[in-house]
1. Which FRET efficiency value, to the nearest 0.05, do you get for L244 and Y164 by plugging their Cβ-Cβ distance into 1/(1 + (r/R0)^6) with R0 = 25 Å?
2. Helix-only mean residue ellipticity at 222 nm, the chain, DSSP H runs n ≥ 4 weighted -39,500 (n - 2.57), per residue, nearest 500. What is it?
3. Taking 8 Å as the Cα distance limit and 6 or more residues as the minimum spacing, I'd like the relative contact order of the chain as a percentage.
4. For R268 and R131, FRET efficiency with R0 = 25 Å and r from the beta-carbon atoms, rounded to 0.05?
5. In whole angstrom, how far apart do the alpha carbon centroids of region 22-46 and region 166-235 sit?
6. From the Cα gyration tensor of the chain, with a ≥ b ≥ c the square roots of its eigenvalues, which class applies: rounded if a/c is under 1.5, or else prolate if a/b is larger than b/c, or else oblate?
7. How would region 66-197 be classified by its alpha-carbon gyration tensor: rounded, prolate or oblate, with rounded meaning a/c under 1.5 and the a/b versus b/c comparison settling the rest?
Amino acid sequence: MAGWSGIGRTGSRRSHHEMALITGASSGIGAAFARALPASTGLLLTGRNAAALAELAAGLEVGGRTVETIAADLTDSDSRQQVIDRAGALEIDLLINNAGAGSIGAVVDQPRETQAATVDLNVAAMADLTRALLPGLLERAEDSGQRAGLILVSSSTALAPLPYFAAYAASKAFTLFYGEALAAELRGRPIDVEVLCPGPTRTAFGGRAGFAPGNLPGAANADQVAREALASLGRRVVVATGRLNGPMVETMMRPRLAFTMGLGRVMRPLAGRRQRQAAASEDET
Ligand SMILES: NC(=O)c1ccc[n+]([C@@H]2O[C@H](COP(=O)([O-])OP(=O)(O)OC[C@H]3O[C@@H](n4cnc5c(N)ncnc54)[C@H](OP(=O)(O)O)[C@@H]3O)[C@@H](O)[C@H]2O)c1
């Protein structure tokens, strides 16, 4: 248990971050993250709904705090690059990859664009933002002697294939696998990686997806979910929220995460050799 819960931790826990990028901040869990962070953390808030972002920002701009918004569709590569550029310029030290969407229905009956939108947002944008911003997060943490933070919002649906929500659950499994692997790769580096797996939570998600997880018995409040995720950063890699399924999900994750850590030790020298070969062939050219 100690080994599992310690994955991704390398030092003392940092109590706050200077500047956070939150995707999907215009509603639900993302807006709750913005409200839950302390006023000492500046905010870069993004989503497509400019009016909702502005309203949230207006309530959070206190005492000279930096709160910026960018309205951007993260499935659009130019808009995504704008967010990445601004996050780099603001020197974020906390990235919360929260934007996500899904649509209930049989794969064969869904419009192609609906499935593509889920994969583009939940998989491609999430992984691209992470890859683009990770070097800066690490560099700044190494320079400052502080710890950076990376939160990837997955879902309790990531645990098993889910008929009639196939692309969504598979996209969240991607997030979970990617985040756990990153936590193993980044062990020993000054960054805390967390994969948040919310259970049913009362947000706009259900209405958009075509069913209402927020109406399920025991559905959580978005503010509680965000607070628990932030309080767990640097303590646990996989954080599952929800009265009913939270403890169950984390129990199921433990053996697999220990296995992932072992695989990380096997793969690390192979990746190192590959990197040295690439550097040598670059020197030759
Ligand atoms: N609610 C649940 O029961 C539940 C359970 C497990 C996991 N989750 C996950 O939690 C995360 C937050 O969802 P939520 O429940 O808070 O739902 P939500 O209220 O619908 O919020 C989703 C956020 O994602 C943004 N978004 C959607 N499409 C986007 C796009 N193409 N480009 C940029 N931003 C986009 C939305 O902003 P705009 O509309 O302004 O673009 C919104 O801010 C998601 O990753 C979701 O999969 C939710």
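1. That pair, L244 with Y164, gives E of 0.75.
2. Computed mean residue ellipticity for the chain: -15500 deg cm²/dmol.
3. Numbers: 527 pairs, mean separation 59.0, N = 285.
21 percent.
4. Values: r = 19 Å, r/R0 = 0.74.
Efficiency at R0 = 25 Å is approximately 0.85.
5. Value for the Cα centre distance between the two parts: 15 Å.
6. rounded
7. oblate
Read-outs: derived from the displayed coordinates by stated rules, not from any lab. Here the structure is a predicted model, which means the values were calculated and not measured. So basically every Cβ, Gly included, is an ideal-geometry build from the backbone, and we count neighbours across all protein chains shown.
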